[in-house]
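As structure tokens, the structure follows; a few thoughts come after it.
The values are calculated or read from the model by the stated rules, or taken from the named source; none is laboratory data. Model, not experiment: these values are computed from the prediction. Because the Cβ atoms are built from the backbone with ideal geometry, glycine has one as well, and the counts that use them run over all protein chains shown. Keep in mind that these areas ignore ligands, DNA and RNA; they rest on the heavy atoms of the full protein, side chains included. Shrake-Rupley method; radii C 1.70, N 1.55, O 1.52, S 1.80 Å.
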Amino acid sequence: MWTIISVLFTLCLAPSYQQFPRLCATREALRTKECCPPWDGDGSACGASSGRGFCQDVQVPDFPDGPQYPFSGLDDRERWPLVFYNRTCQCAGNFMGFNCADCKFGYFGVNCNERRESLRRNIFHLSRAERLRFISYLNLAKHTVSADYVVATGTYREMENGSTPLFANISVYDVFVWMHYYVSRNALLGGPGNVWTDVDFAHWAPAFLPWHRVYLLHWEHEIRKLTGDMSFIIPYWDWRDASGCDVCTDELMGGRSPLSPNLLSPGSVFSSWRVLCSQAEEYNEQGVLCDAREEGPLLRNPGNHNRNIVERLPTSAEVEFALSLPNYDTGAMDRSANMSFRNTMEGFGDPQTGLGNSPRMGMHAALHVFMNGSMSSVQGSANDPIFLLHHAFVDSIYEQWLRRHRPSLSQYPQSNAPVGHNSEYHMVPFLPLHRNREYFISSKDLGYEYSYLLDAGEFPQNGNVLYAASFKPFIWLFPPVSAYSFLFSLHLHLKSSML
């Protein structure tokens with residue numbers, strides 16, 4: 001059945017929009033350092049003729065970083081994206097995207113003037129049809145080459161300052177795997193084994209929660225583009241007080257293989273998935289970037305982890321303790337931060353005392369370790385699709401903290417955070433550009449909500465919300481035109497297969 005579903009969905013392909021645009025991965029674009037592709041609607045750069053946006057210089061502030069990364073000018077991610085581009089599309093109004101072709105999060109329609117709210121729901125509250133759709137979409141993204149984006153397989157220096165572009169084709173899903181690898185990889189200082197490990201542009205510091213929020217929003221955006229299903233939303237897994245991986249079944253994210261405890265059951269579509277960018281130590285030894293090639297099967301052995309590092313999955317009491325902490329970040333704003341909501345939530349602050357540099361990992365990090373496989377490596381963790389369910393729930397806890405404490409934007413650090421984490425820093429490696437402080441706001445301002453955070457009487461009206469209602473037939477989870485196209489493609493496919 002999964003084979004048929006994969007074939008059918010591939011008949012309805014749409015472009016993907018993320019990371020290095022193909023039109024900006026050319027020798028000319030890299031040498032001129034300009035990434036301002038035309039909008040198809042009018043053929044002008046950034047849709048300027050239609051007022052969608054303009055090609056402008058990238059502004060990067062000079063606020064000082066923390067002492068954790070004592071280098072300057074050695075890593076392509078510093079002062080992102082200036083090593084690659086110093087001119088990009090700056091979109092106007094509600095427009096967004098590397099060429100201003102898309103809408104900002106929460107806006108829809110041709111002119112991006114339709115405001116709608118999406119609802120992220122518990123995966124166990126989805127109907128069987130909705131779960132099937134979710135898994136099918138994941139598999140489609142895994143097996144569809146991104147039409148608009150490529151990923152870098154070499155540094156800018158290895159590209160001879162743009163004269164020899166080094167990029168690779170990759171699937172829509174794996175673009176996001178590569179992004180998570182690239183943002184968290186060690187800094188290459190030159191030569192085999194010469195790396196700096198105390199650096200991460202999306203973890204261990206204030207941008208951890210805003211960065212992953214943007215990551216999930218773009219992921220939803222790409223699936224909607226790919227499938228034509230504007231109602232698609234990532235579900236979450238509420239792992240509080242769980243005794244094990246209750247999403248690890250063949251109906252959901254894949255059960256355990258009877259042949260090996262480290263592999264997934266052959267009854268799951270995910271058993272055939274291959275991972276990439278999962279061998280951090282080898283890349284470091286060679287002093288190279290991940291080349292985006294397949295590296296083996298998806299691994300997972302939940303619960304058989306090192307219990308000296310993680311005792312169990314997080315509890316409701318620990319989540320509540322983290323939520324009670326009034327300060328978003330403290331001290332050096334890294335893994336040593338005490339009584340820091342961000343550090344406790346990320347897993348390096350003790351979830352019972354709030355003290356940093358905890359010898360045991362908790363909260364977010366605990367679940368990664370508990371999974372005991374591909375998800376347990378920071379750089380390669382996004383290979384496991386459970387990553388999405390996990391981080392959607394982490395984001396919901398971040399949302400609870402924002403609503404409870406209502407911090408001003410000034411509480412997000414403007415300076416002296418670890419490199420990449422100051423408020424005005426552009427998030428690595430996103431194109432279009434996003435600043436960290438722009439996502440230190442409520443999810444409601446970004447067009448989405450969590451079902452378990454809704455109070456009585458607060459449920460969005462059907463006319464203004466995008467969600468997959470379990471009482472609707474499966475086919476109407478697609479826009480009507482796409483539904484008919486899908487059925488017609490199904491008819492043609494089955495007919496041709498019988499000839």
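Structure notes:
- Residues whose amide H lies under 5 Å from that of residue 287, counting only those 5 or more places away or on a different chain, are 193; hydrogens are built 1.01 Å from N in the peptide plane.
- Residue 304 paired with residue 156, simple spin-label distance in nm, labels 7 Å along Cα-to-beta-carbon: 4.5 nm
- As a fraction of the 1.4 Å probe accessible area of the chain, surface on carbon and sulfur atoms comes out at 52 percent.
- Relative to its residue count, the stretch 258-334 spans a Cα convex hull of 211 Å³ per residue.
- ³J(HN,Hα), Karplus 6.51/-1.76/1.60, whole Hz, each residue of the stretch 185-195, x for Gly, Pro: 5, 6, 7, 8, 9, x, x, x, x, 9, 9
- A 1.4 Å probe over all protein chains sorts 104, 142, 33 by accessible area into 104, 33, 142, starting with the largest.
- Each eigenvalue of the Cα gyration tensor of the stretch 31-159, multiplied by 5 and square-rooted, gives one semi-axis; in descending order these are 32, 24, 17 Å.
- Average Cα contact separation per residue, the stretch 307-440, under 8 Å, 6 or more apart, as relative contact order %: 17 percent
- Helices assigned as whole DSSP H runs in the chain whose Cα atoms extend at least 20 Å along their own long axis and whose mean Kyte-Doolittle hydropathy is 0.5 or higher are found at 480-497.
- Put simply, the C-alpha atoms of the stretch 238-389 give a gyration tensor, and the ellipsoid matching it has half-axes of 29, 20, 12 Å, longest first.
- Kirkwood-type hydrodynamic radius, the stretch 119-222: 16.4 Å, calculated from all non-identical alpha-carbon pairs.
- Out of every Cα-Cα pair that the stretch 327-412 contains, those further apart than 19 angstrom amount to 43 percent.
- Computed magnitude of the charge dipole of the chain (debye, nearest 20; Cβ of K, R +1, Cβ of D, E -1): 900 debye
- Counting all C-alpha pairs of the chain, share separated by more than 31 Å (%): 43 percent
- Cut-off under 5 Å, modelled amide H: who pairs with residue 277 long-range: 292, 293
- Solvent exposure ordering (accessible area, 1.4 Å, most first) of 179, 230: 230, 179
- Cα centroid separation - the stretch 148-166 against the stretch 65-91, whole Å: 16 Å
- Surface exposure of the chain, expressed per residue as accessible area with a 1.4 Å probe, stands at 40 Å².
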